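Asker: I have a structure here, written as structure tokens, and I will follow up with some questions on it.
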Protein chains: 2
Amino acid sequence: MSNRQGSLVSVRQDVRVVDCTMRDGGLVNNFAFTDEFVKDLYLANIKAGVDYMEFGYKASKEIFDPKKFGKWKFSDEKDIRSIVGDNKTDLKISVMADVGRTDFRQSILNRKDSAIDMIRVATYINTIPACIEMLEDAKKKGYETTANIMAVSKVNDGELEIALDMLGQSSVDVIYVVDSFGSFYPEQMERLCDKYLNVAVKYNKKIGIHAHNNQQLAFANTIEALSRGVSYLDATVSGMGRGAGNCYMESLLCFLKNPKYNKLAVMNFVEKHMLKLREEGVVWGYDIPYLLTGILNSHPSSAIQFIKEKRTDYSMFYQELMDNVL
Amino acid sequence: MSNRQGSLVSVRQDVRVVDCTMRDGGLVNNFAFTDEFVKDLYLANIKAGVDYMEFGYKASKEIFDPKKFGKWKFSDEKDIRSIVGDNKTDLKISVMADVGRTDFRQSILNRKDSAIDMIRVATYINTIPACIEMLEDAKKKGYETTANIMAVSKVNDGELEIALDMLGQSSVDVIYVVDSFGSFYPEQMERLCDKYLNVAVKYNKKIGIHAHNNQQLAFANTIEALSRGVSYLDATVSGMGRGAGNCYMESLLCFLKNPKYNKLAVMNFVEKHMLKLREEGVVWGYDIPYLLTGILNSHPSSAIQFIKEKRTDYSMFYQELMDNVL
């Protein structure tokens, strides 16, 4: 079992750090980041040696009203360009496209005409064929691609194996383990990653991890996955992300031993921008309601609502969850 | 390597949960807990099925001025009795005594005259003989005993092996792994626990874990230790403890599968008391300065000071740490 890859003191050259602050964090503040925030985050990521920065979603403007969301819900080419220009840096740019919620054939340009390097397709287990259609479109346009199977803690093993095999046979570069509900313990993450990694070996893919912090295990699960052989690691500055948030970029860069990673660049960004966000009342991060949705393997939306209403009757909330999710 | 004890769905009968909220949390607020807080915590622990509740330290009044600390720095028999009476419950009572800072021969009564069930002796690696003297005194008086070797992340392997062997030959019941600086990753915790567990097997002892949350790994490290075979698990309500605090009791009780544990009893206590403490300005828990002292394996005191001064210049703080601790 414990055939860990690499060690705690050396560098794993296959590691790629993906900053999802604007994409998962955008779910917290409706993508209302100032241009200064975005520009400074871009510069911080370059300085920090982060490998990919995800700017947001490629959502369909027919489905979502652009007046009701910040611009990073749509991540138009011109908006990305206004921050990165031609992006003559080592930092690659990614966006996420949800199956069924994007006009990918139109809104995703050919890579040679775009500042974007990688398209990440988010799918549930029941839309794998639609996911693969999007992945093949993106690959044909020249992009690196990832398939992010969300809510995998709700998926049964048999279906997961079929989905992984289908993705294995596709052109996708990276398949992601996504613990949407923050419900996995490291021991479970270990077993799950091994399953994905077996597919990776068979089909020559990479595996990624996207964790949530409902049980304060996002970082622990990320480094557990890493030690099994997972190499694409999602993190966000100060863990900013929906509900309990994600793996903290600060912690992850402290952990990684590659000297190219510079944790202080991220901490300087925290000092300048993240403390202000918190002061302005933007709320994310571990709290008891997220622990409860996490252990019940359920969507954090009810916990987000509980906190928004400033309720503190945890016991009653737990009873409500038991009625509604089990 | 991965010979985990027990499983994620069954009960490990050897597990003992130890609530250290007043003892480690007392280091945050100088032991200034109201009697109502203490009484309610006692009742919550009984209802929650917690196995031990640590009331505080048995500090010497010759060394520490009682006027300058709350009463749980000293945990006088009469003060414990005022809360627990004869404690006709399944919840056992523990106190901690620091080597060199306690008048143990006088202040620790015979167990038959005390409400206390367990004496926990906190020691550094260089005072193991003094620790054993205290342990033997407590054992002779009829107590259960533990030896807590603090700051073990600073101890070299050879010395640790000698210390563990000395403790193995003593009458102590439980030997604790104490990650005082919150510097261990789960993979390191696994290896360290295995070392302690080898001693436990040889000398018929139990092993305990006391983790700190500098890297948001206190809970992860605790369940990793548990899965190796460690059975005495320290936690505090809402992780209240010095600096970054400890393993959250809420998370731990959610994890454990023994139906005697009742997480909601603890959450009700959080609702009534812990939210108020936070509002009153009592500060503990994960923050960047603790992450930095954690990764540098150094005492959190400088981080506590940094936060007290409301500084946010993390980079400068890191440079100061590099000058002072490495």
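The values are calculated or read from the model by the stated rules, or taken from the named source; none is laboratory data. Treat the numbers as computed from the prediction; the structure is a model and nothing was measured. We place every Cβ from the backbone using ideal geometry, glycine too, and count neighbours over all the protein chains shown.
Asker: Could you tell me whether the range B:47-63 includes any residue that is free of Cβ contacts under 8 Å to residues at least 60 places away in the same chain and part of a helix (DSSP H, G or I)?
Answerer: Scanning the range B:47-63, I find no residue that is free of Cβ contacts under 8 Å to residues at least 60 places away in the same chain and part of a helix (DSSP H, G or I), so the answer is no.
Asker: Is there any pair with a first residue in the range A:261-279 that is of a type in the set (S, T, N, Q) and a second that is modelled with pLDDT of 95 or more whose Cβ atoms are under 8 Å apart and which are 6 or more apart or on different chains, and what are they?
Answerer: Qualifying pairs under 8 Å: A:Asn262/A:Lys47; A:Asn262/A:Ala48; A:Asn262/A:Gly49; A:Asn262/A:Leu253; A:Asn268/A:Ala44; A:Asn268/B:Tyr314; A:Asn268/B:Ser315.
Asker: If a residue must be within 14 Å of another protein chain (Cβ to nearest Cβ) and of a type in the set (Val, Ile, Thr), how many such residues does the range B:3-33 contain?
Answerer: 1
Asker: Then there is this: Based on this model, can you work out whether A:Asn214 counts as in contact (Cβ under 8 Å) with a residue 60 or more places away in the chain, closer than 22 Å to B:Leu291 by Cα and assigned by TED's automatic domain parsing to the domain that holds A:Glu250?
Answerer: It is true that A:Asn214 is in contact (Cβ under 8 Å) with a residue 60 or more places away in the chain, closer than 22 Å to B:Leu291 by Cα and assigned by TED's automatic domain parsing to the domain that holds A:Glu250.
Asker: Any residue in the range A:5-13 that is surrounded by 15 or more Cβ atoms within 10 Å (Cβ to Cβ), out of contact with any Ser or Thr (no Cβ under 6 Å at 6 or more places or on another chain), part of a helix (DSSP H, G or I) and in contact (Cβ under 8 Å) with a residue 40 or more places away in the chain?
Answerer: Looking through the range A:5-13, none of the residues is surrounded by 15 or more Cβ atoms within 10 Å (Cβ to Cβ), out of contact with any Ser or Thr (no Cβ under 6 Å at 6 or more places or on another chain), part of a helix (DSSP H, G or I) and in contact (Cβ under 8 Å) with a residue 40 or more places away in the chain.
Asker: Filter the range B:80-102 down to the residues that are charged (D, E, K, R) and surrounded by fewer than 17 Cβ atoms within 10 Å (Cβ to Cβ), then identify the one that is nearest to B:Lys47 (Cα to Cα).
Answerer: B:Asp90
Asker: Can you tell me which of (1) more than 14 Å from every other protein chain (Cβ to nearest Cβ); (2) in contact (Cβ under 8 Å) with a residue 12 or more places away in the chain is the one A:Pro66 doesn't meet?
Answerer: Every condition holds for A:Pro66 apart from (2).
Asker: Of the residues that sit in the range A:274-289 and are out of contact with any Phe, Trp or Tyr (no Cβ under 9 Å at 6 or more places or on another chain), part of a helix (DSSP H, G or I) and not charged (D, E, K, R), which one is farthest from the other protein chains (Cβ to nearest Cβ)?
Answerer: A:Met274
Asker: Something else: Filter the helices (runs of 4 or more DSSP H) completely within the range B:147-249 down to those with at least 2 residues that are touching a Phe, Trp or Tyr at 6+ places or on another chain (Cβ under 8 Å).
Answerer: So the answer is B:157-169, B:218-228.
Asker: Counting only residues that are among the basic types (Lys, Arg) and over 20 Å from B:Asn213 (Cα atoms), which one in the range A:219-273 is nearest to the other protein chains (Cβ to nearest Cβ)?
Answerer: Residue satisfying both the conditions and the ranking: A:Lys272.
Asker: Output the residue which, of all residues in the range A:307-318 that are out of contact with any Leu (no Cβ under 9 Å at 6 or more places or on another chain) and not aliphatic (A, V, I, L, M), is farthest from the other protein chains (Cβ to nearest Cβ).
Answerer: Per the criteria, the residue is A:Lys308.
Asker: Let me ask something else. Return the residue satisfying two criteria in turn: it lies in the range A:234-264 and is aliphatic (A, V, I, L, M) and surrounded by fewer than 24 Cβ atoms within 10 Å (Cβ to Cβ), and of such residues it is nearest to the chain's Cα centre (by Cα).
Answerer: Only one residue fits best here, namely A:Leu253.
Asker: Counting just the residues of the range B:290-306 that are part of a loop (DSSP other than H, G, I, E, B) and away from every other protein chain (no Cβ under 11 Å), which one comes out farthest from A:Val266 (Cα to Cα)?
Answerer: Selected residue: B:His299.
Asker: Of the numbered conditions (1) within 19 Å of A:Leu291 (Cα to Cα); (2) touching a strand residue (DSSP E or B) at 6+ places or on another chain (Cβ under 8 Å), B:Glu224 satisfies every one except a single condition; which is it?
Answerer: Result: B:Glu224 passes all but (2).
Asker: Of the residues that make up the range B:24-42, is at least one assigned by TED's automatic domain parsing to the domain that holds B:Glu187, polar (S, T, N, Q), touching a residue at least 60 places away in the same chain (Cβ under 8 Å) and out of contact with any Cys (no Cβ under 8 Å at 6 or more places or on another chain)?
Answerer: For the range B:24-42, residues assigned by TED's automatic domain parsing to the domain that holds B:Glu187, polar (S, T, N, Q), touching a residue at least 60 places away in the same chain (Cβ under 8 Å) and out of contact with any Cys (no Cβ under 8 Å at 6 or more places or on another chain): present.
Asker: Against the condition modelled with pLDDT under 95 and either more than 12 Å from chain A (Cβ to nearest Cβ) or part of a helix (DSSP H, G or I) (or both), how does B:Asn324 come out, does it pass?
Answerer: Criteria met by B:Asn324.
Asker: Given the criterion more than 19 Å from B:Tyr185 (Cα to Cα) and of a type outside the set (A, V, I, L, M), identify the matching residue among A:Gly229, A:Gly208, A:Gly239.
Answerer: Answer to the selection: A:Gly208.
Asker: If you check B:Lys154 against the conditions, is it more than 14 Å from every other protein chain (Cβ to nearest Cβ) and within 15 Å of B:Tyr232 (Cα to Cα)?
Answerer: When the stated conditions are applied, B:Lys154 does not pass them.
Asker: Would you be able to say whether some residue in the range A:186-206 is within 11 Å of another protein chain (Cβ to nearest Cβ), surrounded by fewer than 24 Cβ atoms within 10 Å (Cβ to Cβ) and touching a strand residue (DSSP E or B) at 6+ places or on another chain (Cβ under 9 Å)?
Answerer: Within the range A:186-206, one or more residues are within 11 Å of another protein chain (Cβ to nearest Cβ), surrounded by fewer than 24 Cβ atoms within 10 Å (Cβ to Cβ) and touching a strand residue (DSSP E or B) at 6+ places or on another chain (Cβ under 9 Å).
Asker: Run down A:Asn148, A:Asn156, A:Asn87 and say which single residue is at pLDDT below 95 and either closer than 24 Å to A:Ser180 by Cβ or out of contact with any helix residue (DSSP H, G or I) (no Cβ under 8 Å at 6 or more places or on another chain) (or both).
Answerer: When all the criteria are applied, what remains is A:Asn156.
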